[in-house]
Structure formats: C-alpha cells, structure tokens
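Just so it is clear, none of the values below were taken in a lab; they were calculated from the coordinates. Predicted model, so just to flag it, every value in this text is computed and none were measured. Reconstructed Cβ throughout: ideal geometry from the backbone, glycine too, with neighbour counts over all protein chains shown.
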Amino acid sequence: MPFLENLASEAGIVARSLGDYLRGGALRLGVTGLSRSGKTVFVTSLVNNLLTQARLPVLAVAAEGRLARAQLDPQPDDAVPRFPYEEHLAALSGPDRHWPQSTRRISQLRLRIDFARATGWNKGPARLDLDIVDYPGEWLLDLTLLDKSYARWSNETIEASRAPARAPLAGAWLAHLDGLDPQGAFDEDVARAAATLFTQYLRAARGDEYALSTLPPGRFLMPGDLEGSPALTFAPLPVEDNVEPAAGSLAAMMQRRYESYKTHVVKPFFRDHFSRLDRQIVLVDALGALNSGPAALRDLENALTDVMRAFRAGRASTLASILRPRVDRILFAATKADHLHHVSHDRLEAILRTLAGKAVARAEGVGAEIDVIALAAVRATREATIRHGRDELPAIIGTPERGERIGDQLFDGVAEAAVFPGQLPDDPEQLFAGDALALPEADNDLRFVRFRPPIWAKGEAPPHIRLDRALQFLIGDRLA
C-alpha cells in the first residue's frame, strides 16, 4: 500500500507540474521562515516596492529602466487563500502603524510584471507572472517527517527535549511521559493529555524568551480546522524502531495517528504546493537567536539542517523542470538588519552564511544555487553617530514598541530613542568551536529591541535594506 500511495502521489505531482507549464509557466516563489522572521512583512514590502516602481538599484530590470509596470492579477489557485496584501499594507502604514499578524496558513498572490528584455533574440516587451506562495516555516520542517518512522521521530524528539535548553520547558510533558506504558491499552484521555502537554512544550520553546526553533509537527501550534482531531492527538513515546507495537496498545494508536498526520497534512502540502515551487527564500531571525544565547543558536543550526533536508533541490533540465520541477535557487535571509548599525550587517550575513554552510554540508543531495543575505524588508530605523565623552558610537534611531526595555529604560511606543545595539564579532567562527556553538552567556551583550514600523509618504514604498539584492537573486534572471 505505501508503494501504491507514493506512486499515486508522484503521478499527481507530475500532472500538476505539466498543467502549470501548459497554463503559462509562471515563476512560483516560496516565502517561508522560522518563527518571528518577518514573512508577512517581506511579501508586503516586495509587492509594494514593485507596484510603486520604487528605487531598486540592484534589481537590474529596474536600474536599467526596463521595468514598465507591475500589477496584481487574480491568482491561479482558487482553493488557496489570497495573501491579504492591502490589509497588511494598511497595518504598516496606517495612523496606528503596527506590524501585521504573522503567517498562520498558506496564502498566494500573483504579481504581473511587464518589462523589456535586454538580451536574446526576442528583445522587446515581455511579461513575467510571479506567483508568491507564503507559508509557515513549521510546515517546511514537517516535510522531514515523510522519511521518518514514528519510532525514529519519537526518539529524536525525546532526545532533543532532554537537552539543557529544552529540558526545563519540557518538564511537565517528560514527567507525564515517564508514567506512560507504550505497550499498555490505548486510552483516549491519556492520549489527549500527552498531546496537550507536548503542544505546551512546543509553544514554550517558540516563545520570545527562548527563541528556540520549533520541532515538528508544525500544525500542533497552528491547528486550524484540525484542532481536536485524532490527526493532532498524538505525542512521542519511547518505542523501538522496526518493532511493530502490539495491536490495541497506546503505541499502536499513536503510531497510527502520526501516519495519518503525514497522509492528511504533510503529503497534501508537499503535493499541492511545495513540489510546485521554482525559487525559495527562507527568512531567519538570527538576531533573536543571538539575543537568546548559545542554546538558541545551536537550535537554529539544527533547524536549518532540517530545512535543507526538506528541499528536493537541484538544477533541472528543461524537460525535467516541466515534469518534476525542483527549487533551483534558495536564498537564506537574516532579517531585521535595521536593528544593527550597518558596520555589523556584513557580520550578520557571515554568521548566517556559516550556519547555512554547516546545514548544507550535513544535508545530502542539495544541488540548488544558494545565497545568503542580511536584509530588512521594511527599515524601521535610521543611523546616527553619537558622541559619548571622547568616543563616537554608532547608533540606530527609531521608535521602540511600547513595553520594550533596555536596562532601566522602559519605552512608551511614542518617543524615539537612540539605541547602541552592540557589535557582532568580526569572525563568525568565534561563535563556533568545530561543530559546536560556543558563545559564552556573559559575552552575549547585544541589545536588540523591537521597533514600530517607520512613517513613509503615501504612494511611496517603505524604506528597506537590500530588498533589491534579494529580488535580483530570486527573479532577476527571468527579467533579463
């Protein structure tokens, strides 16, 4: 049966890919990222900058004056929610400007870009349909479950939960786990209690204080219509791999529900959405991990390794790209670069490049073109140099969100403030010792606060940092 199911799934993917090609071959850009990385803001700013034909000097089609116009068109997939671009833009630019709500589900937007070709035999007017697919990073990490048995996932998850950074957060669930008999008779109340405590642990790990990368299953934190269903009522148990649990046991039912989760949640996302992507940007809140300390950085490195394993990436021939498209460009972006002075931007990029490089080295079969960038899709600060005694200190100025604090200073969400965010190390290897991350807690004196969105003129695009460079890597070749 698994063989026939996989064969049917592959046939469905090929059919969807061929249908996409015959309908015009739009470029499908996936936008995802780990928690609090700014996916919604990135998509909103990307679209607004192209619609308003903002200054994008690194995007060749704009710098060379070949960008005629961009406009929103009806999206091709009627069963996928539309990305609420107008709502998010109003949140960013309205009188009470605030950051829009984070991505909780998949959504889509089609942007039509009219331009003039600069090279080739068919110089002249051309068009690119860009389908932007925004989806939670937790769903991407779920793809790693497709190659894991229930026993393997259980044992890996339990082992991770006992790590020093996670053990305090997982205490209630681990205590409950110690009292369970996997081979005992199945009891629905026991299963619900285990799933609830496991979910609470995952939610705590994702909180601002710890900023740990969430372990799958991702839908436990964003259940939607599946809330309360058996497909989300399971949890890891200490069971042996390659040993079939006894019929009617707790382990047997947990295993069945885990497999149902893969069948009804993970596989449809892979078949209907992920397998159809051409390009991908993965947004990473590296500053949040740096601010939370070495454990969060180590966790981020492990998450990026899982991200790379999730991609069936590689350069494809023309025929292969029609029948079985693969992501051929992946951009890792360290967001919130505006929370640092520009002297540290290259250092932030170098840290993410080191983390991503380790992840690529550990993941097999990744043949896509990969790049790394530090960016801010919406720049919330401006830079200044402030004299302190005889010293001149690089600072950033913005409006911290209400309730933000540095030392004894509590911000009210109205007044601007100059912040000295600290500097990242010149050499990212200072954070690493071989394969391990080594940043002593005492040295983690970086000071990052959350700022409100900036004020910008109506009809113009929001300020940004390196959004144009990201666009050039992701779609520049299709606008040549």
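With unit charges on the beta carbon (Lys/Arg positive, Asp/Glu negative), name the residue among S102, Q53, A417 whose Cα is farthest towards the positive pole of the charge dipole of the chain.
Result: Q53.
Can you pull out the GluC sites (Glu not before Pro) in the stretch 51-109 whose DSSP state is coil and whose Cβ has at most 16 other Cβ atoms within 10 Å?
E64
Of all trypsin sites (Lys or Arg not before Pro) in the stretch 52-101, which ones are in loop regions per DSSP and have a Cβ with at most 15 other Cβ atoms within 10 Å?
Qualifying residues, ordered by number: R55.
Please give the charge dipole size of the chain, origin at the Cα centre, charges +1 on K and R Cβ atoms and -1 on D and E Cβ atoms. Round to the nearest 20 debye.
Computed charge dipole of the chain: roughly 1640 debye.
Counting only C-alpha contacts under 8 Å and six or more residues apart, can you give the relative contact order of the stretch 214-295 as a whole percent?
For the stretch 214-295, the relative contact order is 22 percent.
Tell me which trypsin sites (Lys or Arg not before Pro) from the stretch 162-208 have a DSSP coil assignment and no more than 13 other beta carbons within 10 Å of their own.
Those that pass, being in a loop and sparsely packed, are R162.
Which residue, chosen from G407, G38, S260, occupies the Cα position most advanced towards the positive end of the dipole of the chain, where the dipole is computed from +1 (Lys, Arg) and -1 (Asp, Glu) charges on Cβ about the Cα centre?
G38
What ranking, highest mean first, results for peptides 415-425, 104-114, 299-309 when packing means the other Cβ atoms within 10 Å averaged over each residue?
On the way: 415-425: 15.8, 104-114: 18.1, 299-309: 22.3.
Per-residue Cβ counts within 10 Å, averaged per peptide and sorted highest first, yield 299-309, 104-114, 415-425.
Do you know the relative contact order of the chain, to the nearest whole percent, from alpha carbon pairs under 8 angstrom that are 6+ apart?
Relative contact order comes out at 19 percent.
Sort the chain into rounded, prolate or oblate with this rule: let a ≥ b ≥ c be the square roots of the eigenvalues of the Cα gyration tensor; rounded if a/c is under 1.5, and if a/c is not under 1.5, prolate when a/b is larger than b/c, oblate otherwise.
Because a/c hits 1.5 or more and a/b fails to exceed b/c, the chain counts as oblate.
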